[in-house]
Amino acid sequence: MKPHKQIKDWGLGLSNPLIIGGPCSAETPEQIAQICSEMKENQIIPQVFRAGIWKPRTRPGSFEGVGEEGLTWMEIVRNELNIPITVEVGNAAHVEMALKHKIEVLWIGARTTVNPFAVQEIAEALRGVDIPVMIKNPMNPDLELWMGALERMYAVGITKLAAIHRGFSDAYDKRYRNKPNWSMPIHLKREWTGMEVINDPSHIVGRRDGLLEVAQSAMNFGLDGLMIETHHDPDKAWSDAKQQVTPRRLKEMIDSIEFKQSLENMKPDEKLFDLRRAVDHLDDQLLDILQERFSVIDQIGAHKREHNLTVFQSDRWKEVMDSRTEKGVKKHLSEKFMKELLYCIHEESVKRQERQLREAEAINK
Ligand code: PEP
Ligand code: MN
């Protein structure tokens, strides 16, 4: 699909996995200087430094960011660490100020991605500008909105793009601040070939403990980097105090994460090649069986039509669902997977039979 520039081609000397560190918010020049100095001391220089300048807070009255002045403090980072800077932009005025202060990378936050008006305003402000933009997933698990925001950037000529998975707001599941949904970034990667997705464990977990586990999962799933909020004195941070880690902890985390290799640029070894061949063969068989199953379904449809029966028979459906799920679970397939699979097959069967019915009725008219 749309050829865009991957992280390694942003012209900033970056590579995958991309590690982004820095505070939730820029607070004071001293804070920025202290974080930089502790990053140096602990030999953990991220590839990109993040800092929130304007903070989109859920409730008014919380700290809303230091504003433009904070952008001038980014000089400290350039002098101390010599790495590119990324800040969040939420409207055209933010874009203008970030560009004025030569910020290298922009990101769009979750509360902005949900709003196509805001995303479009940012896109218009970026028309003709060559700058990388990273787009966080929207608050709600809506792949279309996420893709839509990336497309709005692409449409105005922004080709240096990446996505950020920061989890989704969930009213009931309080284990996370924002629940991860690993199938969504993977789906995004399928829909937009080559799109890289950075993981943001900080906003997923919302606490310091558990960050490592989420970061490791992200790497296991093949995501392309990590954005981890880093502060020299997390407990005293002006925003997101519970989830930020010290540079020393960031170093420990990065050292203990196992970074998996992507096979994309490598030749798979012989063993993997054979296993994939086996999967290809099994998928062919699966398709043959599905084809056969649907042909029987069509025959059932014809029979129902002849005897004037409804397409959906709830007793039969329940029996199929329960018995297959039970069998599947015995074969170590999860109940959730079995239910989703059966729903999907059943829905397609009902649709086919209903279509058959309509076609037959049209002929008889
Ligand atoms: C942030 O990165 O500090 C932030 C506000 O994130 P999100 O948009 O994911 O809530
Ligand atoms: Mn934050």
Legend entry - Whichever aspartates and glutamates have a C-alpha closer than 20 Å to that of Lys40, once near sequence neighbours (fewer than 8 apart) are set aside: Glu27, Glu30, Glu75, Glu80, Glu229, Asp233, Glu252, Asp255
Legend entry - Across Lys5/Lys260; Lys5/Lys189; Lys330/Lys351, pairs whose alpha-carbon gap is larger than 25 Å: Lys330/Lys351
Inset, instruction - State log₁₀ I(q)/I(0) for the chain at q = 0.08, 0.14 Å⁻¹ as given by the Debye formula over alpha-carbon point scatterers of equal weight, solvent excluded. - result: -0.52, -1.14
Inset, instruction - Can you tell me the alpha carbon radius of gyration of region 58-167 divided by the globular rule-of-thumb value 2.2 N^0.38 Å? - result: 1.06
Legend entry - Peptide ranges 316-328, 277-289 listed from the most packed, as the mean C-beta count within 10 angstrom indicates: 316-328, 277-289
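Expressed as a whole percentage, what fraction of the accessible surface of the chain belongs to carbon and sulfur atoms when a 1.4 Å probe is rolled over the protein heavy atoms? Please report the intermediate quantities before stating the final value.
Details: 10330 of 19940 Å².
Carbon and sulfur atoms account for 52 percent of the accessible area of the chain.
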Inset, instruction - Determine the order of Val296, Val350 by accessible area, beginning with the largest, at a probe radius of 1.4 Å. - result: Val296, Val350
Inset, instruction - Work out the FRET efficiency for Arg59 and Lys336 from their Cβ-Cβ distance, taking R0 = 35 Å, and round it to the nearest 0.05. - result: 0.50
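Tell me, what is the per residue accessible area of region 270-364 in Å², probe radius 1.4 Å?
82 Å²
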Inset, instruction - Determine, from the Cβ-Cβ distance of Glu68 and Val279 and an R0 of 51 Å, the FRET efficiency 1/(1 + (r/R0)^6), rounded to the nearest 0.05. - result: 0.40
Legend entry - Förster radius 25 Å - calculated FRET efficiency between Glu75 and Ser37 (Cβ-Cβ, nearest 0.05): 0.95
Inset, instruction - Give me the lysines in straight-line cross-link reach of Lys174: C-alpha distance below 25 Å, same-chain residues under 8 apart excluded. - result: Lys55, Lys136, Lys236, Lys242, Lys336, Lys339
Legend entry - Most to least packed among 135-142, 48-55 [average Cβ atoms within 10 Å]: 48-55, 135-142
Legend entry - C-alpha center-to-center spacing [region 176-207, region 38-116] in angstrom: 20 Å
Inset, instruction - Please report, in Å, the Rg and the Dmax of region 123-273, where both are computed over Cα atoms only. - result: 16.8, 53
Inset, instruction - Taking every pair of alpha-carbon atoms in region 270-364, give the share separated by more than 20 Å as a whole percent. - result: 52 percent
Inset, instruction - Can you tell me the order of 229-238, 337-346, 175-184, 14-23 when each peptide is scored by its average per-residue count of other Cβ atoms within 10 angstrom, highest first? - result: 14-23, 229-238, 175-184, 337-346
Inset, instruction - Calculate the spin-label point distance for Arg352 paired with Glu252, positioning each point 7 Å from the Cα along the beta-carbon direction, and give it in nanometres. - result: 5.7 nm
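Please grab the % of Cα pairs in region 4-63 that end up more than 14 Å from each other.
Across region 4-63, Cα pairs with separations above 14 Å total 66 percent.
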Inset, instruction - Run the quick spin-label model on Asp142 and Asp209: label points 7 Å from Cα toward the beta carbon, then report their separation in nm to one decimal. - result: 3.6 nm
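The values are calculated or read from the model by the stated rules, or taken from the named source; none is laboratory data. Only a predicted model underlies this, so the values are computations on that prediction, with no experimental measurement involved. So basically every Cβ, Gly included, is an ideal-geometry build from the backbone, and we count neighbours across all protein chains shown. Protein only, heavy atoms only, side chains kept; ligands, DNA and RNA dropped before computing areas. Shrake-Rupley method; radii C 1.70, N 1.55, O 1.52, S 1.80 Å.
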